[in-house]
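The values are calculated or read from the model by the stated rules, or taken from the named source; none is laboratory data. These numbers come from a predicted model, not from an experiment. In this analysis, Cβ positions are derived from the backbone assuming ideal geometry, glycine residues included, and neighbour counts consider all displayed protein chains.
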Amino acid sequence: MISPTLRQLRYFEALARFGHFGRAADACAISQPALSVQVKELEEMLGVTLLERSVRQIRLTSFGEEFVVRVREILRAVDELGDLARAAQSQLAGRLRIGIIPTIAPYLLPAMISQLTRDNAGLDIHLRETVTPKLLQELSEGRLDTAIVALPVSEESLTEIALFEENFLLVRPAEDAAKPVPNRERLREMRLLLLEEGHCFREQALSFCNISAGSPKPRELLDGSSLSTLVQMVGAGIGITLIPEIAVAVETRSAPVSIARFEDPQPSRTIGMVWRKTSPIARQLMQVADVVRGAAEGLRRAPATV
């Protein structure tokens, strides 16, 4: 009877996910040769080749592509056994895998993690910071327990809980502080700095400016990799940008920029948590949502910056 171990399945899944022995080994916290041996033993046990190996990369065979789908189902089911045990406890404990988007993580995480670990001594928090599409994929595959993202995500398989709303503020060079705040039509004529493709905040900012895929582009549209980069570019006189209110205190403290609010109705977004509707720890995740909401409220009570 063919009986692969869970370790072998996890190593193979990591290899299929990263497409690289070194990165998969790092993710599994083992040496690359050890991972390679385990995957090779799995192939020998099955009597089928799972991977096409070359010097620079690896690819799944057609059987490997079918096999990894089943493997992920098995691993997700195994992880949910642990979730069932956690669900029976009144307090959060064990491993908790949280995903969070980059335009929230640096500002919300310090207070949020501090509160969670203070209230739950046995909690082992694993964080994953990346863009929304990747978080939703990893959530559906069982590699995350929950994710903090901009709502709505409109996935039928997920529960959505709104946590807080925040406005978008205008960041422009310090010498422009006394100028009138441009409306969205005027913004289209200015050099607008935005996050690169893949960030939901980019799409939200474009939507406020009435810039869609089929509409004429603004005079100049420049991309940055992070909010910090955008603000520093503004400070250097390259253009203007929009940033979420939660980021203002951190990102503008070392740049010669001015901050302004738009006229009502101000551009804004809703931040919330999502998790699988089938998650056994939904009740505990509601506790996490309360902590996140409280952390955000504490940030909002900080002295106003504009």
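Residues that are out of contact with any strand residue (DSSP E or B) (no Cβ under 7 Å at 6 or more places or on another chain) and modelled with pLDDT of 90 or more do not occur anywhere in the stretch 79-100. The set of residues in the stretch 20-31 being modelled with pLDDT under 90 and exposed (fewer than 15 other Cβ atoms within 10 Å of the Cβ) consists of G22, R23, A29.
Among the numbered conditions (1) at pLDDT below 90; (2) buried (at least 18 other Cβ atoms within 10 Å of the Cβ); (3) part of a helix (DSSP H, G or I), tell me where L35 comes up short. Failing condition for L35: (1).
So for the stretch 158-176 (the condition being touching a Gly at 6+ places or on another chain (Cβ under 7 Å) and loosely packed, with under 15 Cβ neighbours inside 10 Å), does at least one residue qualify? Within the stretch 158-176, one or more residues are touching a Gly at 6+ places or on another chain (Cβ under 7 Å) and loosely packed, with under 15 Cβ neighbours inside 10 Å.
Taken over the stretch 139-174, the residue count meeting the criterion of being assigned to a loop (DSSP other than H, G, I, E, B) and hydroxyl-bearing (S, T, Y) is 2.
Candidates in the stretch 180-189 are the residues that are surrounded by fewer than 17 Cβ atoms within 10 Å (Cβ to Cβ) and more than 23 Å from A249 (Cβ to Cβ); of these, the one that is modelled with the highest pLDDT is P180. Filter the stretch 106-122 down to residues that are under 18 Å from the mean Cα position of the chain (by Cα) and touching a residue at least 40 places away in the same chain (Cβ under 8 Å) and give me whichever is nearest to V153 (Cα to Cα). For the stretch 106-122, the residue satisfying everything is L108.
The single condition among (1) farther than 20 Å from E13 by Cβ; (2) modelled with pLDDT of 90 or more; (3) not in a strand (DSSP E or B) that E66 does not meet is (1). A single entry from V131, V149 fulfils the requirement of being within 20 Å of T278 (Cβ to Cβ) and either at pLDDT 90 or above or aliphatic (A, V, I, L, M) (or both): V149.
Modelled with pLDDT of 90 or more, surrounded by fewer than 15 Cβ atoms within 10 Å (Cβ to Cβ) and not hydroxyl-bearing (S, T, Y) - does that describe any residue in the stretch 208-222? Within the stretch 208-222, none of the residues are modelled with pLDDT of 90 or more, surrounded by fewer than 15 Cβ atoms within 10 Å (Cβ to Cβ) and not hydroxyl-bearing (S, T, Y). Scanning the stretch 178-207 for residues that are among the hydrophobic types (A, V, I, L, M, F, W, C) and outside any helix (DSSP H, G or I) yields a count of 7.
Residues in the stretch 46-63 that are modelled with pLDDT of 90 or more and part of a helix (DSSP H, G or I): L46, F63.
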